[in-house]
1. Every residue in region 117-141 that is surrounded by 15 or more Cβ atoms within 10 Å (Cβ to Cβ) and within 16 Å of the ligand (Cβ to nearest atom), please.
2. Are any residues in region 35-56 out of contact with any Asp or Glu (no Cβ under 7 Å at 6 or more places or on another chain), assigned to a loop (DSSP other than H, G, I, E, B) and modelled with pLDDT of 95 or more, and if so, which ones?
3. For region 149-160, check the following and say yes or no: at least one residue is away from the ligand (no atom under 16 Å from the Cβ) and within 30 Å of residue 25 (Cβ to Cβ).
4. If you scan region 57-98, which residues turn out to be assigned to a loop (DSSP other than H, G, I, E, B) and crowded, with 22+ Cβ neighbours inside 10 Å?
5. Only residues that are more than 11 Å from the ligand (Cβ to nearest atom) and closer than 18 Å to residue 63 by Cα: list them for region 94-112, please.
6. Return yes or no: is residue 163 of a type in the set (A, V, I, L, M), part of a strand (DSSP E or B), modelled with pLDDT of 95 or more and closer than 16 Å to residue 94 by Cα?
7. Closer than 22 Å to residue 157 by Cβ, acidic (Asp, Glu) and in contact (Cβ under 8 Å) with a residue 12 or more places away in the chain: does that describe residue 74?
8. Here are 120, 115: which of them is modelled with pLDDT of 95 or more and in contact with a helix residue (DSSP H, G or I) (Cβ under 6 Å, 6 or more places away or on another chain)?
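The values are calculated or read from the model by the stated rules, or taken from the named source; none is laboratory data. The structure displayed is predicted, hence computed values, not measured ones. All Cβ positions, glycine included, derive from the backbone under ideal geometry; neighbour counts span all protein chains shown.
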Amino acid sequence: MPEIKRLLDNNIKWADETMARDPEFFDTLSQQQSPIYLWIGCSDSRVPANQIVDLLPGDIFVHRNVANLVVHTDFNCLSVLQYAVDVLKVKHVIVCGHYGCGGIDAALTNEPLGLIDNWLGHIKDIAAFHDDELGGLVGEAKAARLCELNVLTQADNVSKSSIVKDALARGQDLKVHSWIYSLRNGKIKDLA
Ligand SMILES: [Zn+2]
């Protein structure tokens, strides 16, 4: 299994190099984490949170799922959000989608893909809601706009959650951001 051994070898090399650069790095991080960012992004392997914003371990709390959805009944995502806001006291919740998202593309077709169709139903709802705008677009332009509308909707879902509303009501310093990443040039655009 050379493909697995490669990861373990990489890990030893990374840990050794990190220690060489900063001998206190793991000692400090093992005591506590105090990230000020929560990242809610897509599971897509091409959009790794830490790497694209050049942050180290410990700097960003991360939740990823297919197409970066924040569903009001998803206790996985809500638990991450609650822990990040109430316990870690993050100052920024970043919902980051990306153009060329396979989840968005799949939602725009009616091909059956199995269980995930239920998850993608949330995106189909967004497409139906914005049918007037999306109906005038085709192909890549339509998919790209739905990627943006999805991010904006999910960021809105974060803002409407009881977790964020309660935090803002008690005066906590917290902002929600809608970002989209381009696989083509590696740049993030702020949709706000
Ligand atoms: Zn994606």
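1. Filtering region 117-141 for residues surrounded by 15 or more Cβ atoms within 10 Å (Cβ to Cβ) gives 119-120, 122-124, 126-127, 130, 134.
Result: 119, 120, 122, 123, 124, 126, 127.
2. Within region 35-56, 36, 43, 44, 45, 46, 47, 48, 53, 54, 55 meet the criteria.
3. Kept after step one, since they are away from the ligand (no atom under 16 Å from the Cβ), are these residues of region 149-160: 156-160.
When the remaining residues are screened for being within 30 Å of residue 25 (Cβ to Cβ), the result is none.
Within region 149-160, none of the residues are away from the ligand (no atom under 16 Å from the Cβ) and within 30 Å of residue 25 (Cβ to Cβ).
4. Of the residues in region 57-98, the ones assigned to a loop (DSSP other than H, G, I, E, B) are 57-59, 66-74, 88-91.
Hits for region 57-98 are 67, 68, 69, 70, 90.
5. 94, 95
6. no
7. Numbers: closer than 22 Å to residue 157 by Cβ: yes; acidic (Asp, Glu): yes; in contact (Cβ under 8 Å) with a residue 12 or more places away in the chain: no.
Answer is no for this residue.
8. Values: 115 fails: in contact with a helix residue (DSSP H, G or I) (Cβ under 6 Å, 6 or more places away or on another chain).
Criteria check complete, one pass: 120.
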